[in-house]
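Nothing in this text is a laboratory measurement; each read-out follows from the coordinates by a stated rule. Because the structure is predicted, anything quoted here is derived from the model rather than measured. Note that we place each Cβ from the backbone using ideal geometry, even for glycine, and neighbour counts take in every protein chain shown.
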Amino acid sequence: MAAPLWPMHGANLGTLLRTCDAVGACLAVPPFDWVNGALERGNTLRHPTCVHRIGSPLRWLDRERRAGAHVLGVELADEAIRLADLPAARRRTIVVLGHEADGIPPEALNLLDAAVEIPMVGHGLSLNVAVAGSLVLYKVAGLL
Ligand SMILES: C[S@@+](CC[C@H](N)C(=O)[O-])C[C@H]1O[C@@H](n2cnc3c(N)ncnc32)[C@H](O)[C@@H]1O
């Protein structure tokens, strides 16, 4: 399940929704009014998609974790696993994506079981969130 829980740009939600469809994952989104419109605009698939509308992101992550899900943050972090070393998921996995400007909020970091980072050798400091999420979703799904 892809979880862009603090989104800023609707276009990224549409892109992630298409990747979710491609790898057989669902998308979890927060209860912001503008999110539904963004998903409708971004859903070029024209068929039903799997979208979970969650309540409070922190409470939802905590509940998922207690219920046995593996909560995997996608973030550049010292202790993060490199994408190439990330195994395919063997149980329910929540792929948590950060805010486009601020990343994953500090209060959510201790709800992560692990973090994965995508190595970068260029001059940019980070990837677009939908690109980063798509790469990780393919790896988690075992399709790469
Ligand atoms: C544009 S980045 C956020 C950059 C922000 N300035 C920061 O310091 O975290 C938005 C999100 O994309 C994901 N992301 C972008 N590049 C990444 C990378 N190389 N490895 C892992 N996650 C990445 C993370 O989920 C991040 O929170």
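Things worth noting here:
- In nm, spacing of pseudo-spin labels at VAL51 and ALA67 (7 Å Cα→C-beta vector): 1.9 nm
- Here the spin labels are modelled as points 7 Å beyond Cα on the Cα-Cβ line, and at ARG92 and MET120 they lie 3.2 nm apart.
- Ordering THR49, PRO119, PRO30 by Cα displacement along the dipole of the chain toward the positive end leaves THR49 in first place; charges were set at the Cβ atoms of Lys, Arg (+1) and Asp, Glu (-1).
- Inter-part distance where the stretch 9-61 and the stretch 97-144 are each reduced to a Cα centre, Å: 17 Å
- Structure remark: mean-square fluctuation, Gaussian network model of the chain, C-alpha springs under 10 Å; the largest value among GLY98, GLY24, GLY124 belongs to GLY124.
- Computed from phi, the 3J(HN,Hα) profile of the stretch 50-63 under the Karplus parametrisation 6.51, -1.76, 1.60 (θ = phi - 60°) reads 9, 10, 9, 9, 9, x, 5, x, 5, 5, 5, 4, 4, 4 Hz, with x in place of Gly and Pro.
- Of the chymotrypsin sites (Phe, Trp or Tyr not before Pro) found in the stretch 1-86, those that fall in a DSSP loop while having at most 16 other beta-carbon atoms within 10 Å are PHE32.
- Linear extension gain, HIS9 paired with ASN128, 0.36 nm per residue minus alpha-carbon span: 41.8 nm
- Quotient of the Cα radius of gyration of the chain and 2.2 N^0.38 Å, N being its number of residues: 0.97.
- Pairs of C-alpha atoms in the stretch 58-98 farther apart than 17 Å represent 34 percent of all such pairs.
- Within the chain, the cysteines lacking any other cysteine Cβ closer than 4.7 Å to their own Cβ are CYS20.
- In plain terms, if you count all Cα to Cα distances in the stretch 1-51 and split them into 10 Å steps from zero, the share in each step is 28, 63, 9 percent.
- Looking at the stretch 2-140, the DSSP beta bridges with both ends there are about 5 percent antiparallel.
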